[in-house]
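The values are calculated or read from the model by the stated rules, or taken from the named source; none is laboratory data. This structure is a prediction, so every number in the text was calculated from the model and none was measured. Here the Cβ positions follow ideal geometry from the backbone for every residue, glycine too, while neighbour counts run over all protein chains shown. For the accessible areas, the whole protein counts, side chains as well, though only heavy atoms, and no ligand, DNA or RNA atoms are used. Shrake-Rupley method; radii C 1.70, N 1.55, O 1.52, S 1.80 Å.
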Amino acid sequence: MSLSPPCRPPRAVGCAFAVLALAAGFPAWADPAPAFEQLLTQALTAPAAAEADADLAAAEGRLAQAGVRPNPELGLEVENILGRGPFQGVDGAETTLTVSQDLELWGRRGARVGVAQSEREAARWRRDASRLQVAAALAVAYAEAEAAQRRYALAEEALELAVADARAALILVEEGREPLLRGIQGESEAAAARAALDEARAERDAAFAELTALAGGQTPLTSVESSLLDRSPTASVGQGRQPAGPL
């Protein structure tokens, strides 16, 4: 379907040029995101991801406490105070001072330490699993954002080519060297390219919004300069582990 109003060929050509000018006008989009390793470090320190680290720290604290001997208990008892007759006042009071110590016989402390060690190891495994999940989700989101950015760039190039071809066709139509149908066809192709560009832009924006949310940052991420898709899997895994620290 033609985007130009039904009019004589000269006016149709002029209207078509106006439509193509609108189709060619797309905004610039450049605010590069940090490299994947930096984003991973940022994501691992976000409050949602730091919960597993806090659980591990708490388990280590309980293990340290489990290995400590129980504190001795000191007790003080006062009897026959504020009575009647010869027991009136505090002169007849009986005071008893006691000191008690739990000896923890039959391996009680060892069992308590063993339980605390098991809890700490379980917390460590949960922390490691949480880090791997964050890294995997971030890598997928980073790659999808980069792929969406590339698709948008291809759509931009396709639109530029479609607009250039349509303009050339309209010039030929205006000169009478091509039929009006050729200009209408060029308009249709440019409009389709513009629609494809809008779709690619929406996909790109959604992908970068997801990446921003997973990274846990306040500044929206809008583009990728340090490629993750072009890396070999071995290099990506090796480099991705460094900022996360020992698991």
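Per-residue Karplus couplings for segment 131-136, computed as 6.51 cos²θ - 1.76 cosθ + 1.60 with θ equal to phi - 60°, are listed in order as 5, 5, 5, 4, 5, 5 Hz, Gly and Pro entered as x.
Amide hydrogen proximity for ALA33: with H placed 1.01 Å from N in the peptide plane, the residues at 5 or more positions away or on another chain lying under 5 Å are THR222, SER223, VAL224, GLU225. Computed extension gain for ALA136 through TRP106, at 0.36 nm per residue and net of the alpha carbon distance, reaches 6.1 nm. Mind checking segment 132-198 for GluC sites (Glu not before Pro) that DSSP puts in a loop (not H, G, I, E or B) and that have at most 10 other Cβ atoms within 10 Å? In loop regions of segment 132-198 (DSSP not H, G, I, E or B), the sparsely surrounded GluC sites (Glu not before Pro) are GLU175.
Over segment 113-159, give the accessible area per residue in Å² for a 1.4 Å probe, as an integer.
On the way: 2440 Å² over 47 residues.
Value for segment 113-159: 52 Å² per residue.
Counted residue by residue at 0.36 nm each, then reduced by the alpha carbon distance between them, the extension gain from ALA129 to VAL115 reaches 2.9 nm.
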